[in-house]
Amino acid sequence: MGTVLGCIADDFTGATDLAGLLARSGQRVSLRIGVPSGPPADTAPFEVIALKSRTAPVDRAVADCRAALNWLRRAGAGRFYWKYCSTFDSTATGNIGPVAEALMADLGASQTIYCPAFPENGRSVFMGNLFVGRQPLAESPMKDHPLTPMRDSNLMRLLAPQVTRPVGLVDRLTVARGTEAVAAELARLDREGVAHVVVDGVADADLEIIAAACRDMALMTGGSALAMPLPVLYRAAGLVGEEAVAHERPDIGPGAIVLSGSCSAMTREQVRTYATQAPSFRLDPRDLADNGPGEALDWLAALPLDAVPMIYATAEPDDVRAAQDELGAVVAGEVVEQALAEIAVAARDRGVRRFVVAGGETSGAVASALGVTRLDIGSEIAPGVPWTFSESGGVQVALALKSGNFGAESFFADAVAKLEGA
Ligand code: ADP
């Protein structure tokens with residue numbers, strides 16, 4: 001069976017998050033890193049293309065997304081999903097709105113919806129306003145994000161300057177009246193020419209109603225959670241087989257390593273916890289800038305293959321600032337990413353087959369050094385973080401790629417245990 005739903009995600013760990021939620025259904029989900037260069041082959045019913053377009057120049061983001069759409073259409077997809085962050089990370093110029101408008105134009109769609117709610121992770125939308133836990137978005141830590149500071153919580157106001165056509169809302173009261181009420185309100189707005197509709201969603205049950213109302217839209221947009229009900233809806237409609245089951249897990253060799261380049265609050269807890277349980281090596285960006293990762297590589301080579309060590313650059317904000325003051329923020333980040341990427345390749349070459357990686361940028365650097373272009377999605381370790389399977393240098397590997405704030409304190413040990421038990 002060909003591809004049914006084609007998804008485009010604006011960053012790497014966002015793509016694994018979406019793929020993991022879709023895979024909860026037991027359907028096969030395939031994730032491609034970047035737009036594949038060749039024609040579609042060995043496609044899954046659910047295909048996700050991971051781009052790096054969140055903070056790219058608008059023209060570039062639009063061009064990449066249109067290329068991804070084109071590939072997904074050739075794979076057979078008839079429905080499409082544009083996935084962005086559940087905190088609506090964007091600026092007045094984009095990229096959420098411009099990409100949605102470009103995809104709508106290519107698909108001939110007159111309307112799409114916007115719903116970044118992710119109840120399991122505390123993101124909800126009410127009367128068009130986005131909340132992070134109990135805080136409005138603009139009062140959450142996202143107000144200080146270095147690239148996409150979110151200073152307004154109202155999604156209609158955030159979206160309006162990003163698009164050329166009218167913006168509207170289907171509010172929680174309508175969602176509470178059920179699928180038919182949502183569909184009728186969307187149809188009414190469509191007749192009025194409202195192309196961009198923010199839809200309120202507070203709990204998972206709301207997302208089920210919204211997904212059911214919108215399942216035949218050519219394009220839906222949102223965070224990962226809104227896509228979660230789609231596989232079941234498609235199965236009920238006969239679009240995907242009843243019998244479809246999760247992709248058979250390839251045989252993965254032993255040997256595991258934890259690599260952390262994330263300095264987010266939750267990762268810092270996870271590193272602290274795991275450091276008491278396993279051999280650990282701390283990387284310092286200043287040291288790496290002078291001497292490279294040789295010392296870490298020697299340390300790793302001296303360990304037995306079954307040690308499951310951790311190598312991390314994770315540090316407290318003061319340490320990060322000190323390294324950034326000395327090296328510059330960009331160089332500090334790059335030397336860490338480069339070192340962890342090199343260490344991942346060395347680990348693979350000495351027989352390690354399981355990689356737990358913390359950090360969005362870090363995951364991108366490690367995956368690209370391992371030459372990974374396509375991942376099959378396996379079982380979920382924590383909401384939004386699945387194990388993934390791929391090939392690297394001619395061997396089967398498993399990768400768990402975690403964005404900064406996901407997972408519980410015990411995430412690293414959980415990840416290793418989950419794969420053993422899977
Ligand atoms: P997250 O998902 O938590 O945002 P990322 O990997 O996306 O994590 O981003 C963290 C960035 O911080 C990376 O570029 C990484 O190389 C950099 N970094 C990691 N450790 C340090 C450190 N000790 N000092 C400065 N920068 C660091």
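Can you name every residue in segment 291-338 that is within 14 Å of the ligand (Cβ to nearest atom) and small (Gly, Ala, Ser)?
Ala296, Ala313, Ala315, Ala322, Ala323, Gly328, Ala329, Ala332, Gly333
Select from segment 61-105 the residues that are surrounded by fewer than 21 Cβ atoms within 10 Å (Cβ to Cβ) and within 20 Å of Val194 (Cβ to Cβ) and list them in ascending order.
Within segment 61-105, Pro98, Glu101, Ala102, Ala105 qualify.
Taking interchain pairs and intrachain pairs at least six residues apart, which have beta carbon atoms under 7 angstrom, with the first residue in segment 1-26 and more than 15 Å from Gly223 (Cβ to Cβ) and the second among the polar types (S, T, N, Q)?
From segment 1-26, the pairs are Gly2/Thr43; Thr3/Thr43; Phe12/Ser363.
Answer yes or no as to whether Leu226 is modelled with pLDDT of 95 or more and either more than 20 Å from Val385 (Cα to Cα) or within 16 Å of the ligand (Cβ to nearest atom) (or both).
no
Return a yes/no flag: does segment 1-9 have any residue that is within 18 Å of Pro231 (Cβ to Cβ) and open to solvent by 20 Å² or more (accessible area, probe 1.4 Å).
There is at least one residue in segment 1-9 that is within 18 Å of Pro231 (Cβ to Cβ) and open to solvent by 20 Å² or more (accessible area, probe 1.4 Å).
Hey, could you check segment 50-69 for residues that are in contact (Cβ under 8 Å) with a residue 24 or more places away in the chain and more than 16 Å from Ala15 (Cα to Cα) and say which is nearest to the chain's Cα centre (by Cα)?
Residue satisfying both the conditions and the ranking: Ala56.
In segment 256-290, how many are open to solvent by less than 50 Å² (accessible area, probe 1.4 Å), among the polar types (S, T, N, Q) and more than 9 Å from the ligand (Cβ to nearest atom)?
Adding up the residues that qualify gives 3.
Condition test on Ala183, is it open to solvent by 10 Å² or more (accessible area, probe 1.4 Å) and either at pLDDT below 95 or farther than 13 Å from Gln111 by Cβ (or both)?
It is false that Ala183 is open to solvent by 10 Å² or more (accessible area, probe 1.4 Å) and either at pLDDT below 95 or farther than 13 Å from Gln111 by Cβ (or both).
Which of the residues belonging to segment 33-48 are crowded, with 24+ Cβ neighbours inside 10 Å and either without any contact (Cβ under 8 Å) to a residue 40 or more places away in the chain or farther than 21 Å from Ala236 by Cβ (or both)?
Listed by number, the list holds a single entry, Val48.
Identify the residue in segment 355-379 that is away from the ligand (no atom under 16 Å from the Cβ) and open to solvent by 40 Å² or more (accessible area, probe 1.4 Å) and, among all such residues, is modelled with the lowest pLDDT.
Top of the filtered list is Ser379.
The values are calculated or read from the model by the stated rules, or taken from the named source; none is laboratory data. As the structure is a computational prediction, the values presented were derived from the model and not from experiment. Neighbour counts are summed over all protein chains in view; Cβ atoms, including those assigned to glycine, are modelled from backbone coordinates with ideal geometry. Accessible surface areas use protein heavy atoms only, side chains included; no ligands, DNA or RNA. Shrake-Rupley method; radii C 1.70, N 1.55, O 1.52, S 1.80 Å.
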